[in-house]
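Right, one structure below, let's go through it.
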Amino acid sequence: TTSTQALMLMNNPWSHDRATEMAARLDDKRSSDFVQSAYRALFSREPGAIEMEVAERFLTAYESAGSGDETETTSQSDHTRAAFIHALLNFNELIYVD
């Protein structure tokens, strides 16, 4: 991994768009169901207990902080879920094959 690869995944509009699209497809109402669906879709596995706890804290904190990017079609919840998916897309587990 090089720093340019990590920066591209973090900052490139393409990866943000993919995260937004995936978050919209995973339309689970409860955050715990959303997290489980995201892990199944991206990693083909269920999240562990610690991963669930960290994910719930992330979603709560991000939602509380607010981004100010809400529009008529996207809510803070939509932005929060897209940010969570974007974070998962940057996991080494997704980038490398063991």
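Yes or no: the range 29-39 includes at least one residue that is part of a loop (DSSP other than H, G, I, E, B) and out of contact with any Pro (no Cβ under 6 Å at 6 or more places or on another chain). Explain how you work it out, then say what you get.
Within the range 29-39, the first condition is being part of a loop (DSSP other than H, G, I, E, B), and the residues that meet it are 29-30.
Keeping just the survivors that are out of contact with any Pro (no Cβ under 6 Å at 6 or more places or on another chain) gives 29-30.
Yes: the range 29-39 contains one or more residues that are part of a loop (DSSP other than H, G, I, E, B) and out of contact with any Pro (no Cβ under 6 Å at 6 or more places or on another chain).
Per-residue answers, yes or no, for (1) at pLDDT below 95; (2) of a type in the set (Gly, Ala, Ser); (3) open to solvent by 80 Å² or more (accessible area, probe 1.4 Å):
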| site | (1), (2), (3) |
| --- | --- |
| Ser15 | yes, yes, no |
| Arg25 | yes, no, yes |
| Gln36 | no, no, no |
| Pro47 | no, no, no |
| Ser64 | yes, yes, yes |
| Asn92 | yes, no, yes |
| Val97 | yes, no, yes |
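Against the definition (polar (S, T, N, Q), at pLDDT below 90 and in a helix (DSSP H, G or I)), how does Gln5 come out, yes or no?
Values: polar (S, T, N, Q): yes; at pLDDT below 90: yes; in a helix (DSSP H, G or I): yes.
Yes: the conditions hold for Gln5.
The conditions are (1) more than 15 Å from Ala83 (Cα to Cα); (2) without any contact (Cβ under 8 Å) to a residue 24 or more places away in the chain; (3) of a type outside the set (A, V, I, L, M), and Ser32 fails exactly one of them. Which is it?
Among (1) more than 15 Å from Ala83 (Cα to Cα); (2) without any contact (Cβ under 8 Å) to a residue 24 or more places away in the chain; (3) of a type outside the set (A, V, I, L, M), the lone unmet condition for Ser32 is (2).
The values are calculated or read from the model by the stated rules, or taken from the named source; none is laboratory data. The shown structure was predicted, so the numbers you read here are calculated from the model rather than taken from an experiment. With ideal geometry, Cβ positions are generated from the backbone for all residues, glycine too; neighbour counts draw on all protein chains shown. What goes into the accessible areas is simple: the full protein's heavy atoms, side chains included, and nothing from ligands, DNA or RNA. Shrake-Rupley method; radii C 1.70, N 1.55, O 1.52, S 1.80 Å.
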